[in-house]
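Accompanying notes for the structure given below.
The values are calculated or read from the model by the stated rules, or taken from the named source; none is laboratory data. Nothing here was measured: the structure is a model prediction, and the numbers come from that model. FYI the Cβ positions are ideal-geometry reconstructions off the backbone, even for glycines, and counts take in every protein chain you see. The area values use the complete protein model at the heavy-atom level, side chains included, leaving out ligands, DNA and RNA. Shrake-Rupley method; radii C 1.70, N 1.55, O 1.52, S 1.80 Å.
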Amino acid sequence: QVQLVESGGGLVQAGDSLSLSCAASGLAFRLGAMGWFRQAPGKEREFVAAISWSGGSTSYADSVKGRFTISRDNAKNTVYLRMNSLKPEDTAVYSCAARRFARSEFDYWGQGTQVTVSS
């Protein structure tokens, strides 16, 4: 029973900040890279950010680069997403995902948390 549980979503105004957390539990494997994805109404799920198992490498979608920061705490099996200068276009359900160590596919997904940014 592997679970990824996101928290921290909410309703904010444009320009505000939010921090999301995703805690993994029930792990029977070593975690590899973790990432964040989002899906807005009527749109396909899109990549937001990812971080390597060591935290030494990160990547971001161009749309969030410079505004969002991904980090992780392996002792807590938790990945974070700090979102600054939020825009209405950031409104979406944000989900975290995890890979097994040395695997290339995100095999585990959380249920998602809603982020709504009003203009």
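So here's what we get for this one:
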quantity	calculated
Filter result for residue 30 (in contact with an Asp or Glu (Cβ under 7 Å, 6 or more places away or on another chain) and either at positive phi or open to solvent by 70 Å² or more (accessible area, probe 1.4 Å) (or both))	no
Sole exception among (1) modelled with pLDDT under 95; (2) closer than 23 Å to residue 11 by Cα for residue 29, by number	(2)
Scope the range 51-106; condition open to solvent by 30 Å² or more (accessible area, probe 1.4 Å), closer than 13 Å to residue 38 by Cβ and of a type in the set (Gly, Ala, Ser); matching residues	63
Residue list for the range 83-119, filter: among the aliphatic types (A, V, I, L, M) and under 19 Å from residue 71 (Cβ atoms)	83, 86, 97, 98, 115
Residues being farther than 24 Å from residue 54 by Cβ, outside any loop (DSSP other than H, G, I, E, B) and of a type outside the set (Gly, Ala, Ser) - total across the range 3-30	4
